Amino acid sequence: MDKFIDRVRGGKRGIIGTWMKIPALETVQLLAHAGFEFVVIDMEHAPHALDRANELVFAAQSMGMGAVVRLPDHTGHTIQPLLDGGADGLLIPRVTSLDIAQDITSRMIFAPRGLRGLGSTSRAGKWGLGSIPDYLKRGDEQCLRMIQLEDWASLEQTRAFAELEHVNGVFIGHGDLFLSSGKPASDPAVRDLTARMLAATKEADVLSGIAVGSPAEAREALDMGFSLVMVSNDTTLFGKAAAAAVAETLAGL
């Protein structure tokens, strides 16, 4: 566990990561050896139980990667155990109102400013062997509290979301944006919306996140100035490599 926010802000470019959907420790190691700088353990669209998510956080950090977890929903019941399990931050999916964003991110900040309770005997507190001030400081200052905006109306309000007291990151969700608008990420209107969203995060001095499908798109996102850039996901990377190996082997036979 290191100073994740400082590491992201201190680099010459954004950092690259991928979604973790396969609940295997070996996959974490492979992604780290491949050079990914962080992973987002996906509890929304993958079958990760809470205990396995915490194990994946530990494994990713042990390999030198940042470890963020995407929450399964807005109930908030996983927030405390994931943060006390040492996660570098949480990604909150499908945020559609300022009230939702404020409510959930306030649970990620220690009282009295927020609603998070003291759990310094957890992994985040070095099982009680660390100092409470250090545990509190890491939780409040180095934890990524990133909201995912996935519909047109919410993305138009990026600046308002980014200026909420406890929000320190905004992620654009092109997948669900396509479902609601019918416009792919390549559409000129979506590209303009993406650029405006990114500009709003910079003006508010919060981190920005995006998920793309290819290395070329990832390079473009880095060049635009996104802070956290997701490239594909572990299942798709494996599946495409496996399919390419089979196709190449059987070509011409």
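Is it fair to say L115 is free of Cβ contacts under 8 Å to residues at least 12 places away in the same chain, over 29 Å from L222 (Cα atoms) and touching a helix residue (DSSP H, G or I) at 6+ places or on another chain (Cβ under 9 Å)? Give the steps one after another, and end with the answer.
On the way: free of Cβ contacts under 8 Å to residues at least 12 places away in the same chain: yes; over 29 Å from L222 (Cα atoms): yes; touching a helix residue (DSSP H, G or I) at 6+ places or on another chain (Cβ under 9 Å): yes.
Spelling it out, L115 is indeed free of Cβ contacts under 8 Å to residues at least 12 places away in the same chain, over 29 Å from L222 (Cα atoms) and touching a helix residue (DSSP H, G or I) at 6+ places or on another chain (Cβ under 9 Å).
For segment 192-220, the set of residues classified as within 17 Å of Q148 (Cα to Cα) and of a type outside the set (A, V, I, L, M, F, W, C) consists of T194, R196, T201, K202, D205, S208, G209, listed by residue number.
Each residue in segment 179-217 was checked for being over 25 Å from E141 (Cα atoms), at pLDDT 95 or above and either among the charged types (D, E, K, R) or surrounded by fewer than 16 Cβ atoms within 10 Å (Cβ to Cβ) (or both), and 11 of them qualify.
What number of residues in segment 133-173 are within 25 Å of T78 (Cβ to Cβ), touching a residue at least 12 places away in the same chain (Cβ under 8 Å) and not in a strand (DSSP E or B)? Explain how you work it out, then say what you get.
In the first step, residues of segment 133-173 are kept if they are within 25 Å of T78 (Cβ to Cβ); the result is 134-151, 154, 161-162, 164-173.
Those left that are additionally touching a residue at least 12 places away in the same chain (Cβ under 8 Å): 135-136, 138-151, 154, 161-162, 164-173.
Now drop any that are not not in a strand (DSSP E or B), which leaves 135-136, 138-143, 150-151, 154, 161-162, 164-168, 173.
Total satisfying the criteria: 19.
A162 satisfies every condition listed in (1) surrounded by fewer than 23 Cβ atoms within 10 Å (Cβ to Cβ); (2) of a type in the set (G, A, S); (3) under 17 Å from T96 (Cβ atoms) except (1). Out of A53, A59, A67, one residue alone is farther than 20 Å from G239 by Cβ, assigned to a strand (DSSP E or B) and either touching a residue at least 60 places away in the same chain (Cβ under 8 Å) or among the small types (G, A, S) (or both). It is A67. Between G114, G76, G130, G119, the distinction of being at positive phi, surrounded by fewer than 21 Cβ atoms within 10 Å (Cβ to Cβ) and assigned to a loop (DSSP other than H, G, I, E, B) belongs to G76 only.
Of everything in segment 94-113 that is closer than 23 Å to I210 by Cα and aliphatic (A, V, I, L, M), the residue that is farthest from the chain's Cα centre (by Cα) is L98. Checking A195, A162 one by one, the residue that is farther than 27 Å from V57 by Cβ and not basic (K, R) is A195 and no other.
Of the residues making up segment 17-50, those that are among the charged types (D, E, K, R), farther than 13 Å from V231 by Cβ and touching a residue at least 24 places away in the same chain (Cβ under 8 Å) are K21, D42, E44.
The residues in segment 4-50 that are within 22 Å of A216 (Cβ to Cβ) and hydroxyl-bearing (S, T, Y) can be counted, and the count is 1. Applying the criterion of being under 18 Å from G86 (Cα atoms), surrounded by 16 or more Cβ atoms within 10 Å (Cβ to Cβ) and of a type in the set (D, E, K, R) to the residues of segment 23-51, the residue that is farthest from the chain's Cα centre (by Cα) is E37.
Among what's in segment 79-106 and is in contact with a helix residue (DSSP H, G or I) (Cβ under 6 Å, 6 or more places away or on another chain) and part of a loop (DSSP other than H, G, I, E, B), pick the residue that is surrounded by the most Cβ atoms within 10 Å (Cβ to Cβ). Restricting to residues being in contact with a helix residue (DSSP H, G or I) (Cβ under 6 Å, 6 or more places away or on another chain) and part of a loop (DSSP other than H, G, I, E, B), the top hit is A87.
Looking at T194, T235, T201, just one residue is assigned to a helix (DSSP H, G or I) and closer than 20 Å to G10 by Cα, and that residue is T201.
In segment 222-253, what residues are over 24 Å from L30 (Cα atoms) and touching a residue at least 40 places away in the same chain (Cβ under 8 Å)?
Within segment 222-253, the first condition is being over 24 Å from L30 (Cα atoms), and the residues that meet it are 223-226, 250-253.
Of everything in segment 222-253, those that are over 24 Å from L30 (Cα atoms) and touching a residue at least 40 places away in the same chain (Cβ under 8 Å) turn out to be G225, F226.
The values are calculated or read from the model by the stated rules, or taken from the named source; none is laboratory data. Since this is a predicted model, take the numbers as computed values, not measurements. Because the Cβ atoms are built from the backbone with ideal geometry, glycine has one as well, and the counts that use them run over all protein chains shown.
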